[in-house]
Amino acid sequence: MTWKFDPTHSHVQFSVRHMMVATVKGHFGAFSAEAELDPSNLSQSKVSATADVASISTGVDQRDAHLRSGDFFDAEKFPHMQLVTTSIKANGEDLVVEANLTIRGVTKPVTLRGELLGPVKDPWGNQRIGVQLQGELDREEFGITWNQALETGGALVGKKVKLDLGAEFTKA
């Protein structure tokens, strides 16, 4: 079944350690997704999502500009990130999504876990479905290696990035 992406009820968020003592959170404001979802046969489902790297926001303009630069995402050369599922399955109550994630032209497999919500009928008679997923990745595996050593040991920016993805779809 084809489902239409609803960006107003969806999000692409991340968090990463700063100086080993704080967590910086951010999101991508421009993204899209295409879904062929069959809640009764998840193995036949497919999702493809793209985020506009230049839409990154952490709430600090100077930091966001640095994240768009060649030190991090290199948004001018690599304007988009893409996630394409390779497997979607239920594991009890949990949803397990295997996908290929491409950042800076580097594609690596990732595993996301979460839940499939719905389908439900909205007040206007439309069928809706939601997906909430979490996962993590090592940013250095995608060529995002910029960092600074701290005088007391450790690094300015953590290698591990936590992902929080949520998407809502309306049956086409």
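The values are calculated or read from the model by the stated rules, or taken from the named source; none is laboratory data. What you see is a predicted model; the values in this text were computed from it and never measured. Because the Cβ atoms are built from the backbone with ideal geometry, glycine has one as well, and the counts that use them run over all protein chains shown. The area values use the complete protein model at the heavy-atom level, side chains included, leaving out ligands, DNA and RNA. Shrake-Rupley method; radii C 1.70, N 1.55, O 1.52, S 1.80 Å.
Just to check, using Stokes-Einstein with a Kirkwood Rh over alpha carbon pairs, what's the diffusion coefficient of the range 39-96 at 20 °C and 1.002 mPa s in µm²/s?
On the way: Rh = 13.8 Å.
In µm²/s, the coefficient is 156.
How do the peptides 159-170, 116-127 rank, highest first, by the average count of neighbouring beta carbon atoms within 10 Å per residue?
Working: 159-170: 18.4, 116-127: 12.4.
Highest mean packing first, the order is 159-170, 116-127.
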Requested in this report: Per DSSP H run of n ≥ 4, the term is -39500 (n - 2.57); total these for the chain, divide by its residue number, and report the mean residue ellipticity at 222 nm rounded to 500 deg cm²/dmol.
Outcome: -1000 deg cm²/dmol
Query raised in the report: Which entry is the computed Rg/Rh (Cα atoms, Kirkwood Rh) for this structure: (i) 0.97; (ii) 1.06; (iii) 1.01?
Result: (iii)
**Report entry** Heavy-atom surface of the chain, accessible at 1.4 Å and reported per residue (Å²)
**Finding:** 57
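How would H11, H18, H80 rank on accessible area, largest to smallest, probe 1.4 Å?
On the way: H11 50, H18 70, H80 105 Å².
Result, largest first: H80, H18, H11.
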Report summary line: Going residue by residue through the range 58-69, the Karplus relation 6.51 cos²θ - 1.76 cosθ + 1.60 with θ = phi - 60° gives ³J(HN,Hα) values, rounded to whole Hz and with x marking Gly or Pro, of 10, x, 10, 4, 5, 5, 4, 5, 5, 5, 6, 6
Report summary line: As straight-line cross-link partners of K25, the qualifying lysines (C-alpha separation under 17 Å, not fewer than 8 residues apart within one chain) are K159, K160, K162
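Of all accessible surface on the chain at a 1.4 Å probe, what whole percent is carbon and sulfur? Before the final figure, lay out the partial values.
Working: 4950 of 9870 Å².
Solvent-exposed carbon and sulfur of the chain make up 50 percent of the total.
How would S43, S10 rank on accessible area, largest to smallest, probe 1.4 Å? Can you show the working numbers first?
Details: S43 85, S10 20 Å².
Order by accessible area, largest first: S43, S10.
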